[in-house]
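What follows is one structure encoded as structure tokens, with my remarks underneath.
The values are calculated or read from the model by the stated rules, or taken from the named source; none is laboratory data. What you see is a predicted model, and the numbers here were worked out from it, not measured in a lab. Every residue, glycine among them, receives a Cβ derived from its backbone with ideal geometry; neighbour counts consider all protein chains shown.
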Amino acid sequence: MKYNKLIRDNIPSILEASGVEYTTHIVSGDELRSYMLKKLHEEVAEFSEEPSLEELADIQEVVYGILSAYGWDKVALDECASLKRYTRGAFATGLVLDEVVE
């Protein structure tokens, strides 16, 4: 079965232990960023279908991978999120914008 998708680093060891034959290759740069975006969409779709902490953790792991693929770090992400939270707020109250009248 063909997959052509980004997998977690330990999947080859798991496949080997199960006696499964497989092929892999390594991507980097723009190709890695493209695979990371596809993986993010995949994980968000899985969470949307069946919300759970495990699925949310998968999204978080992909976000960490995206940070690495772009050469960013968690501290910078946290600082950016804090600034947006300070200037624009969070999503804590469930506030929905119905309409803007111009």
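Assorted remarks:
- One residue stands out among those in segment 54-69 that are of a type outside the set (S, T, N, Q) and without any contact (Cβ under 8 Å) to a residue 12 or more places away in the chain: the one that is surrounded by the most Cβ atoms within 10 Å (Cβ to Cβ), which is Leu67.
- Residue count for segment 5-53, restricted to those that are part of a helix (DSSP H, G or I) and either exposed (fewer than 11 other Cβ atoms within 10 Å of the Cβ) or under 16 Å from the mean Cα position of the chain (by Cα) (or both): 24.
- Scanning segment 70-89 for residues that are surrounded by 10 or more Cβ atoms within 10 Å (Cβ to Cβ) and not acidic (Asp, Glu) turns up Tyr70, Trp72, Lys74, Ala76, Leu77, Cys80, Ala81, Ser82, Leu83, Lys84, Arg85, Gly89.
- Residue pairs whose Cβ atoms lie under 9 Å apart, sitting 6 or more positions apart in sequence or on different chains, and linking a residue in segment 72-84 that is over 17 Å from Gln60 (Cβ atoms) to a partner that is modelled with pLDDT of 95 or more and of a type in the set (Lys, Arg), do not occur here.
- Residue match in segment 59-74 (condition: over 17 Å from the mean Cα position of the chain (by Cα) and of a type in the set (S, T, N, Q)): no
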